[in-house]
Amino acid sequence: MPELPEVTALAAYLRERAVGRHVERVEVSAISVLKTYDPPVTALARAEVTDATRHGKFLDVIFDSGLHLVVHLARAGWLQYREGFAGSTPLKPGKGPIALRVRLDDGSGFDLTEAGTQKKLAAYLVADPALVPGVAKLGPDALGAPLEVFAERLRSRRGQVKGVLTDQAVLAGIGNAYSDEILHRAKLSPFAITDRISAEAMAQLYEATRTVLTDAVERSVGQQAATLKSEKRSGLAVHARTGLPCPVCGDTIREVSFADSSLQYCPTCQTGGKPLADRRLSRLVR
């Protein structure tokens, strides 16, 4: 799932290429992608792209008409920018991975695509991003919160720090991959309970959050949209690296699996050398 760094980079990419261009037309291929109906997507015809920004993991494309196209890419969604489209034939509903296409007046534009069958990619056309339910519920931005706010937000939601750190109502922008990276850098167990984390460990977690996300943003911004995913993978120390050596200590990276997700961690760096049992085996070692 694209997280804060990748969505930041996609917004920068759109600012560079799309700002100043006018919408020729918007085509919706997958009806499930569009979560609003008033105003209709036809309201974007001839509108000028004036900016692109981010709210947590939501991408916001802004137009001179005052409208916002707010997009949540979910787990399998992506934005593909095209310098030109082959012909002017409209998209065929239900055909292929393209869910929504925005054509611009210079022949370029972008597609919102989604792989797989879950179809959770979501687009909203609204006058105010706060009208999008997911945006309205966001907590402070993970890169914008000072230490005091960061600590207060995490301690306000008692639970395992991995889950609380990825709760968008607590802090906005952190997902499964970067939470693994942050906890590894902070040398903190993903199962540590938030209201038991010491002030010193919380400060380390805060610094790790800022460092991991800032480094990822710096690596991502300026990349082509097509290379962002590979750039993200290349910078990961533990996430999706089960069985490989930890780049810090050399221990084997372990995994805990859940129903529809998993986490990765280093026992030596994070849990005092003690492996956490895989939940699939109905065991838990803290």
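The values are calculated or read from the model by the stated rules, or taken from the named source; none is laboratory data. Bear in mind the structure is a predicted one, so any value in this text is a computation, not a measurement. Every residue, glycine as well, gets a Cβ built from its backbone with ideal geometry; the counts of neighbours run over all protein chains shown. Side chains are part of the model used for accessible areas, which takes the heavy atoms of the whole protein and leaves out ligands, DNA and RNA. Shrake-Rupley method; radii C 1.70, N 1.55, O 1.52, S 1.80 Å.
Which pairs have Cβ atoms under 9 Å, sit 6 or more apart or on different chains, and link a residue in region 221-244 that is on the phi > 0 side of the Ramachandran plot and in contact (Cβ under 8 Å) with a residue 60 or more places away in the chain to one that is of a type outside the set (A, V, I, L, M) and open to solvent by less than 60 Å² (accessible area, probe 1.4 Å)? Pairs found: Gly222/Tyr13; Ala240/Asp180; Ala240/Ser262; Ala240/Gln264. Filtering region 97-130 to residues that are hydrophobic (A, V, I, L, M, F, W, C), open to solvent by 40 Å² or more (accessible area, probe 1.4 Å) and in contact (Cβ under 8 Å) with a residue 12 or more places away in the chain leaves Ala115, Ala127.
Of the residues in region 112-134, how many are in contact with a helix residue (DSSP H, G or I) (Cβ under 7 Å, 6 or more places away or on another chain) and under 18 Å from Phe63 (Cα atoms)? Reasoning before the result, please.
In the first step, residues of region 112-134 are kept if they are in contact with a helix residue (DSSP H, G or I) (Cβ under 7 Å, 6 or more places away or on another chain); the result is 112, 119, 121-123, 125, 129-130.
Okay, now just the ones that are also under 18 Å from Phe63 (Cα atoms), so 112, 123, 125, 129-130.
Going through region 112-134 one residue at a time, the tally reaches 5.
For the subset of region 167-188 comprising residues that are in a helix (DSSP H, G or I) and open to solvent by 30 Å² or more (accessible area, probe 1.4 Å), which member is nearest to Arg210 (Cα to Cα)? Among those residues, the one meeting the criterion is Arg185. Of all the residues in region 248-269, those that are surrounded by 14 or more Cβ atoms within 10 Å (Cβ to Cβ) and either more than 24 Å from the chain's Cα centre (by Cα) or of a type in the set (A, V, I, L, M) (or both) number 9.
Annotation note: Cβ proximity below 8 Å between a residue of region 25-43 that is in a loop (DSSP other than H, G, I, E, B) and a residue that is among the basic types (Lys, Arg) (sequence gap 6+ or interchain) occurs for Ser29/Lys92; Ser29/Lys95; Ser29/Arg101; Ala30/Lys119. Here's a check for you: in region 59-96, which residue that is among the β-branched types (Val, Ile, Thr) and not in a loop (DSSP other than H, G, I, E, B) is most open to solvent (accessible area, probe 1.4 Å)? If we take residues in region 59-96 being among the β-branched types (Val, Ile, Thr) and not in a loop (DSSP other than H, G, I, E, B), then Ile62 is most open to solvent (accessible area, probe 1.4 Å). Selection of region 136-166 for residues being open to solvent by 20 Å² or more (accessible area, probe 1.4 Å), under 22 Å from Thr53 (Cα atoms) and not polar (S, T, N, Q) yields Ala136, Lys137, Leu138, Pro140, Asp141, Leu143, Gly144, Pro146. For region 220-246, give me each residue that is surrounded by 14 or more Cβ atoms within 10 Å (Cβ to Cβ) and either β-branched (Val, Ile, Thr) or in a loop (DSSP other than H, G, I, E, B) (or both). Listed by number, the residues that qualify are Val221, Gln223, Gly235, Leu236, Ala237, Val238, His239, Ala240, Arg241, Thr242, Cys246. Among residues of region 47-58 that are more than 15 Å from Val132 (Cβ to Cβ), those with a Cβ under 9 angstrom from a residue that is assigned to a loop (DSSP other than H, G, I, E, B) and among the aliphatic types (A, V, I, L, M), sequence gap 6+ or separate chain, pair up as Ala47/Leu67; Glu48/Val19; Val49/Ala18; Val49/Val19; Thr50/Val19; Asp51/Val19; Ala52/Ala18; Ala52/Val19. Condition check for Gly116 on (1) of a type outside the set (Lys, Arg); (2) over 26 Å from Val170 (Cα atoms); (3) assigned to a strand (DSSP E or B); (4) under 19 Å from the mean Cα position of the chain (by Cα): one failure, at (3).
In region 200-219, which residue that is touching a residue at least 24 places away in the same chain (Cβ under 8 Å) and of a type in the set (Gly, Ala, Ser) is surrounded by the fewest Cβ atoms within 10 Å (Cβ to Cβ)? The qualifying residue surrounded by the fewest Cβ atoms within 10 Å (Cβ to Cβ) is Ala203. Residues in region 94-141 that are more than 19 Å from Tyr37 (Cβ to Cβ) and aromatic (Phe, Trp, Tyr): Phe110 alone.
If you scan region 1-39, which residues turn out to be farther than 17 Å from Asp111 by Cα, surrounded by fewer than 18 Cβ atoms within 10 Å (Cβ to Cβ) and in contact with a strand residue (DSSP E or B) (Cβ under 8 Å, 6 or more places away or on another chain)? Once the filter is applied, which keeps residues that are farther than 17 Å from Asp111 by Cα, surrounded by fewer than 18 Cβ atoms within 10 Å (Cβ to Cβ) and in contact with a strand residue (DSSP E or B) (Cβ under 8 Å, 6 or more places away or on another chain), region 1-39 yields Gly20, Thr36, Pro39.
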